[in-house]
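Report on the structure given below.
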There are 2 protein chains.
Amino acid sequence: MALDRLIEKIAQMQNPTVAGLDPKLDYVPEYIKRKCFEKYGETLKGAAKALLKFNKELIDALCDVVPAVKPQAAYYEMYGYDGMKTLYKTQEYARSKGMYVITDGKRNDIGTTMEAYANAHLGKVKVGSTEYEPFLGDALTVNGYLGSDGIKPLLNVCKENDKGIFVLAKTSNPSSGELQDKKIDGVPIYEIMGKMSEEWGKELMGVYGYSGAGIVAGATYPEQIKRLRELLPHTFFLIPGYGAQGASAADIAAAFDKNGLGGIVNSSRGIMCAYQKQRCDEREFAAAARQEAVRMREEIMNAVGTISL
Amino acid sequence: MALDRLIEKIAQMQNPTVAGLDPKLDYVPEYIKRKCFEKYGETLKGAAKALLKFNKELIDALCDVVPAVKPQAAYYEMYGYDGMKTLYKTQEYARSKGMYVITDGKRNDIGTTMEAYANAHLGKVKVGSTEYEPFLGDALTVNGYLGSDGIKPLLNVCKENDKGIFVLAKTSNPSSGELQDKKIDGVPIYEIMGKMSEEWGKELMGVYGYSGAGIVAGATYPEQIKRLRELLPHTFFLIPGYGAQGASAADIAAAFDKNGLGGIVNSSRGIMCAYQKQRCDEREFAAAARQEAVRMREEIMNAVGTISL
């Protein structure tokens with residue numbers, strides 16, 4: 001009912017990083033696209049099959065180095081329902097390889113509608129007398145703009161299914177401050193959202209001191225990360241913005257506690273497109289991704305220190 | 001590039017209402033479920049097919065009375081990729097019957113990821129040399145918590161494809177005030193979000209005085225609707241909360257200008273479940289929905305007055 005399974009995997013692998021699976025078709029090697037287009041045509045289905053093949057090879061190469069993957073829902077939705085099938089199959093494959101799956105959907109709504117999202121991504125849905133898992137996330141990113149009515153339905157589903165959430169607090173983008181940095185009685189909104197998450201998390205406390213209600217805190221704002229860590233002792237951080245968005249390993253160090261716990265750092269393009277950056281043969285894309293993941297682990301672990309439970 | 005197509009349909013039908021298609025399986029008549037389960041089993045696919053049949057009959061019954069439908073993405077995602085196929089097929093059928101389609105997805109992200117959502121729901125996606133429409137919304141609800149980086153990618157897609165958005169400002173739920181009513185220098189956040197939308201809308205101005213960047217403003221907060229209408233002369237309102245959530249026609253009157261334009265009022269359960277409330281034969285569900293839609297039109301039009309372009 002918390003992020004304990006994620007924390008255990010991080011400690012076991014001594015690697016607090018997650019590989020973002022945001023597969024734009026441009027990132028997929030030509031030989032994979034060619035094969036899928038030959039079989040399914042230049043169609044949404046053909047594109048979706050190419051993404052799945054790309055993802056599976058990445059998962060094979062990363063699963064003994066990186067504890068988690070974070071598929072970004074937008075890049076699957078953009079290929080329609082075939083794309084959503086690839087999201088499911090990617091999650092299924094990552095799970096079969098022992099990886100923790102964080103679905104980056106930033107979903108938000110209220111009441112029974114939010115419950116529908118919660119069951120879709122973290123829970124089970126009953127049809128007649130049979131229960132199904134529509135999608136296979138272990139955690140889901142969510143947007144708390146609608147208040148507690150939008151988050152509470154998730155907490156029950158997390159409890160029942162041993163799942164977690166990450167609430168957007170301080171996002172990594174340049175304009176995140178337009179709303180998130182505005183102050184209410186001297187307190188910026190991202191802190192208010194963080195405190196609400198710490199509060200929601202009380203219902204989902206885990207055994208390692210962190211709850212199942214984490215937050216998203218961008219590596220591009222190290223001062224804010226530091227402040228949030230001080231304020232939110234039981235809140236785990238999902239940290240985007242490392243690498244391609246410009247943040248360094250030093251920028252994220254403040255997210256971690258004295259045991260090296262407290263956060264997980266995402267890299268998407270850095271890992272997926274390593275073969276392009278390294279200018280190696282496109283057939284070596286998975287090996288290049290693994291090499292970059294190993295390099296990233298070293299860099300992050302130098303900043304974090306040993307992770308102990 | 002604005003909401004003009006929607007406004008024209010509203011004026012033509014003299015009906016500023018939208019039928020929410022949030023089809024929980026409990027709402028679907030037994031005879032439809034039985035038929036689909038016999039053919040596809042008690043599976044996610046069987047459920048998704050039942051929802052599609054339900055939606056199509058509702059659309060047939062409503063399309064000459066109600067100008068628009070609003071499928072809520074959560075209720076399709078909860079049946080997995082089969083559910084997402086039903087979302088697409090529902091949109092396709094509504095479009096074929098001349099209805100305007102507002103996809104209620106409350107999507108949000110930044111930069112190229114938001115662009116992926118925009119193309120998925122409002123735009124086109126290229127595979128090889130062919131362009132596809134992954135989903136078929138005319139407008140999409142979005143969440144602006146991430147600031148302009150999360151909205152600007154939508155504006156371009158709206159311009160190119162004659163589509164619109166509705167940004168969450170003041171949502172209809174009881175806890176919406178937890179964040180949205182908090183004040184920054186004396187101004188509540190829902191007003192700030194509204195003003196940002198009015199600003200974003202400048203790039204999408206239409207011929208009837210309203211832009212393509214509308215807002216969501218809950219009927220359950222009539223004072224706030226009044227204030228927002230005063231502040232945001234070019235912003236069209238999508239108004240949830242009528243009926244099942246407790247708001248009356250009088251509560252929404254302030255959203256409309258002297259020409260009867262300015263908003264569209266949603267009813268979901270009220271229309272979909274009319275046959276349950278009226279306790280009529282479940283095979284009459286579509287006729288009952290139509291009857292309720294006609295009643296709602298009368299009630300709303302009494303409060304709004306004649307609509308003229």
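Could you order the peptides B:215-223, A:282-290 from most to least packed, using the average number of other C-beta atoms within 10 Å per residue?
Packing proxy ranking, top to bottom: B:215-223, A:282-290.
May I ask you to report, in nm to one decimal and beginning with the shortest, the distances from residue A:258 to the same position in the other copies, taking label points 7 Å along Cα-to-Cβ?
Computed spacing set for this position: 7.1 nm.
With an 8 Å Cα cut-off and a minimum separation of 6 or more residues, compute the relative contact order for chain B in percent.
Averaging sequence separation for qualifying contacts and normalising by length gives 20 percent for chain B.
Expressed as a whole number of Å, what is the distance separating the alpha-carbon centroids of region A:93-138 and region B:156-172?
27
Using 0.36 nm per residue, how much length does the chain from residue A:248 to residue A:64 gain when fully extended, once their Cα-Cα distance is taken away? Could you put the intermediate results ahead of the total?
Working: separation 184, 0.36 × 184 = 66.24 nm, distance 2.39 nm.
Between residue A:248 and residue A:64, full extension yields an extra 63.9 nm.
If you build a Gaussian network model of chain A, linking Cα atoms that sit under 10 Å apart, which residue out of A:225, A:271, A:184 swings the most?
A:184
For peptide A:133-144, compute the average count of partner chain beta-carbon atoms within 10 Å of each residue's beta-carbon.
3
Which of B:7, B:214, B:96 sits closest to the plus end of the dipole of the protein assembly as shown, meaning its Cα is farthest towards the positive end, when Lys and Arg get +1 and Asp and Glu get -1 on the C-beta?
Farthest along the dipole direction, towards plus: B:96.
Per residue, what volume in Å³ does the convex hull of the Cα atoms of the protein assembly as shown enclose?
Output value, Cα hull per residue: 134 Å³.
Please enumerate, by chain and number, the aspartates and glutamates with C-alpha under 17 Å from the C-alpha of residue A:277, excluding those fewer than 8 residues away in the same chain.
Here the aspartates and glutamates satisfying the reach criterion relative to residue A:277 are A:22, A:26, A:30, A:292.
Looking only at chain B, where both bridge partners belong to it, what percent of the DSSP beta bridges are antiparallel (to the nearest 5)?
Antiparallel: roughly 20 percent of the beta bridges in chain B.
Taking neighbour Cβ counts within 10 Å as the exposure measure, how do B:236, B:37 sort from fewest upward?
Values: B:236 30, B:37 17.
Least to most surrounded, the residues fall as B:37, B:236.
Relative contact order of region B:1-72: what whole-number percent is it, with Cα pairs under 8 angstrom and at least 6 residues apart?
Here the relative contact order equals 50 percent.
Select from B:179, B:261, B:122 the residue whose mean-square fluctuation is largest in a Gaussian network model of chain B (Cα-Cα springs shorter than 10 Å).
B:179
Just check chain B against the gyration tensor rule for me: Cα atoms, a ≥ b ≥ c as the square roots of the eigenvalues, rounded for a/c under 1.5, and otherwise prolate or oblate depending on whether a/b exceeds b/c.
Oblate.
Per residue of B:114-120, what is the mean number of Cβ atoms on other protein chains within 10 angstrom of that residue's Cβ?
5
If R0 is 30 Å, what FRET efficiency do you get for residue B:298 and residue B:31 from their C-beta distance, rounded to 0.05?
After rounding, the FRET efficiency stands at 0.50.
Going by the alpha-carbon gyration tensor, a ≥ b ≥ c the square roots of its eigenvalues, is region A:52-176 rounded (a/c under 1.5) or, if a/c is not under 1.5, prolate (a/b greater than b/c) versus oblate?
Judged from the Cα gyration tensor, region A:52-176 comes out oblate (a/c at least 1.5, b/c at or above a/b).
Relative to the other copies, what are the label-point distances for residue A:60, with labels 7 Å from Cα along the C-beta vector, expressed in nm at one decimal and sorted shortest first?
Between copies, matching label points for residue A:60 lie 4.9 nm apart.
In straight Cα distance, which aspartates and glutamates are under 12 Å from residue A:226, not counting same-chain residues fewer than 8 positions off?
Reachable aspartates and glutamates: A:191, A:251, A:257.
Just want to confirm a number: the relative contact order over region B:217-309, from Cα pairs under 8 angstrom separated by 6+ residues, in percent.
Numbers: 117 pairs, mean separation 24.6, N = 93.
Averaging sequence separation for qualifying contacts and normalising by length gives 26 percent for region B:217-309.
Please go through region B:115-159 and write out the chymotrypsin sites (Phe, Trp or Tyr not before Pro) that DSSP classes as loop and that have at most 16 other C-beta atoms within 10 Å.
The qualifying sites: there are none.
Can you classify region A:90-134 as rounded, prolate or oblate using the Cα gyration tensor, where a ≥ b ≥ c are the square roots of its eigenvalues, rounded means a/c under 1.5, and otherwise it's prolate if a/b beats b/c and oblate if not?
oblate
Treating the beta-carbon of each Lys and Arg as +1 and of each Asp and Glu as -1, no other charges, what is the dipole magnitude of the protein assembly as shown about its Cα centre, to the nearest 20 debye?
Numbers: 78 positive and 78 negative charges, 200 e Å.
Its charge dipole is roughly 960 debye.
Shortest first, in nm, what separates the label point of residue A:174 from those of the same position in the other copies (7 Å along Cα→Cβ)?
So the distances to the same position in the other copies read 4.3 nm.
Using a simple charge model, +1 on the beta-carbon of Lys and Arg, -1 on the beta-carbon of Asp and Glu, nothing else, what dipole does region B:4-304 show about its Cα centre, in debye to the nearest 20?
Numbers: 39 positive and 39 negative charges, 110 e Å.
Computed charge dipole of region B:4-304: roughly 520 debye.
What pairs from A:97/B:126; B:9/B:45; A:106/A:202; A:124/A:183; B:35/B:85; A:35/A:70 go past 28 Å between their alpha carbons?
Working: A:97/B:126 32 Å; B:9/B:45 34 Å; A:106/A:202 21 Å; A:124/A:183 39 Å; B:35/B:85 19 Å; A:35/A:70 26 Å.
In this structure, A:97/B:126; B:9/B:45; A:124/A:183 lie more than 28 Å apart at Cα.
Considering chain B as a Gaussian network with a 10 Å cut-off on Cα pairs, which listed residue, B:64, B:149, B:281, attains the greatest mean-square fluctuation?
With Cα springs under 10 Å in chain B, the top fluctuation among B:64, B:149, B:281 is at B:281.
Between residue A:258 and residue B:277, how high is the FRET efficiency from 1/(1 + (r/R0)^6) when r is the Cβ-Cβ distance and R₀ = 60 Å? Nearest 0.05.
For residue A:258 and residue B:277, the calculated efficiency is 0.50.
Every number here is computed from the coordinates shown, using simple stated rules; none is lab data. All values derive from a computational prediction rather than experimental measurement. Positions of Cβ are backbone-derived with ideal geometry, glycine not excepted, and every protein chain shown enters the neighbour counts.
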